[in-house]
Amino acid sequence: MVDHALQLFANMTEKGVLANIITYSSLIHGLCSFGREIEAAKMLIDMEEQGVSPSVATFNILVNSFCKQGSVKDAELAVQAMVRRGLNPDVITYNALIDGYCLRGEIGDAEKVLDGMVKRDIVPNIITYNSLINGYCKKKQIDKARHLFQDIQDKGFIPDVVTYSSMLQGLYDSGNPAAARELFNEMQAKGQTPTVLTYGILFHGMCKNSQTTDALALFHSLGSNELMKDIVLYNILIDGSNKCGKPNLALDLFDELLLKGLKPTVRTYTVMISVYCQGGLFGKANDLLRKMEDNGYLPDSVMYNVIVQELLKKSKCQEAENFLEEMINRGFMPDSTTFTMVLHLIPNVGKESRMRTIIQKLTTVERKDGRILNLTSRLVP
């Protein structure tokens with residue numbers, strides 16, 4: 001799409017049609033949307049050479065894109081270039097930098113940017129504070145997040161669904177499920193409507209804290225809400241039920257989503273295959289795997305590792321060999337856990353066994369983990 005736009009732009013300039021700031025800004029936005037920031041920066045230089053002066057909004061497109069890509073230093077350089085041209089960064093510029101530093105976990109630098117914008121009389125908005133609260137939560141600095149959460153309300157800001165979702169995640173990650181649930185109730189009382197992301201955080205946190213039954217009750221209380229048809233929430237609840245030792249609930253949820261006509265994702269299939277394998281229902285796991293393929297989804301490395309590991313745990317070496325071979329033939333490699341389990345079998349397999357042949361095949365495949373490769377090579381003659 002963006003290449004087509006660039007070609008149209010080239011044709012336009014060849015015919016002597018002058019582009020304006022809107023045209024250039026649109027192209028820069030398009031390039032940035034596809035991660036082509038370097039080309040976008042060159043486009044900005046080109047527009048200047050053509051006598052079109054970029055605006056703060058034009059620079060902000062580039063600054064924001066660099067920050068989203070984690071290249072905050074490049075974003076800072078873009079801001080410096082903006083200032084050299086007599087343009088003053090605005091709240092959008094500073095918000096991008098703060099969010100960029102927070103995404104990198106560099107909270108100290110984000111705080112410095114906030115101080116800088118305040119000194120320049122640029123008033124932070126809820127987006128500014130949302131980035132900082134999210135940054136604090138991701139760094140497990142929940143006390144700072146809670147303090148800022150209260151402070152912005154004292155200043156007259158109204159927390160939005162993004163603010164609450166970040167705080168919920170932070171409270172669950174810090175081991176405070178009671179406070180998280182209390183905050184969720186407060187959020188609803190103040191008229192903020194939870195999103196899929198919010199409910200996902202809530203359900204994951206509840207399941208992790210052995211509150212699966214409560215999570216399911218809350219989920220089903222949504223009634224005709226469209227969120228009841230969201231496969232992401234089903235995936236979280238199915239996985240949570242299984243990890244809490246309630247595979248029957250996971251099976252019920254899977255049947256429920258199928259009855260609703262929802263289409264399982266690879267994540268759904270992976271979790272359900274794990275449920276079947278852990279329950280020793282390997283025939284059903286295999287049937288579901290093949291059904292998944294019939295529905296146009298290909299198994300991935302995670303799925304194969306789940307199956308092989310569960311088969312090995314149940315001492316079903318023959319079946320494990322079949323899946324291990326299929327896995328390798330499809331270009332996937334065992335993860336470190338599967339590798340370790342396979343290596344433990346070496347002393348017990350004969351020189352002519354298929355498992356030994358499979359293990360030897362693994363040593364011929366280039367591995368990123370050289371330590372495992374060397375270990376395998378030494379163990380298999």
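The values are calculated or read from the model by the stated rules, or taken from the named source; none is laboratory data. Fair warning: this is a prediction, and the values are worked out from it, not measured in the lab. Cβ coordinates were reconstructed from backbone atoms using ideal geometry, including for glycine residues, and neighbour counts include every protein chain displayed.
Data table
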{"quantity": "Matching residues in segment 31-74 - criterion: being basic (Lys, Arg) and part of a loop (DSSP other than H, G, I, E, B)", "calculated": "Arg36"}
{"quantity": "Residue ranges of helices (runs of 4 or more DSSP H) in segment 219-325 with at least 2 members at pLDDT below 90, more than 18 Å from Met206 (Cβ to Cβ) and within 22 Å of the chain's Cα centre (by Cα)", "calculated": "301-313"}
{"quantity": "Test: residue in segment 112-119 that is within 25 Å of Lys144 (Cβ to Cβ) and under 23 Å from the mean Cα position of the chain (by Cα)", "calculated": "no"}
{"quantity": "Unique match (being surrounded by 21 or more Cβ atoms within 10 Å (Cβ to Cβ), within 25 Å of Asn20 (Cα to Cα) and among the hydrophobic types (A, V, I, L, M, F, W, C)) among Ala57, Ala78, Ala110, Ala41", "calculated": "Ala78"}
{"quantity": "Test for Arg181: is it under 19 Å from Leu227 (Cβ atoms) and crowded, with 19+ Cβ neighbours inside 10 Å", "calculated": "yes"}
{"quantity": "Selected residue [in contact with a helix residue (DSSP H, G or I) (Cβ under 6 Å, 6 or more places away or on another chain), surrounded by 13 or more Cβ atoms within 10 Å (Cβ to Cβ), over 24 Å from Pro89 (Cβ atoms) and touching a residue at least 24 places away in the same chain (Cβ under 8 Å)] from Gln192, Gln141", "calculated": "Gln192"}
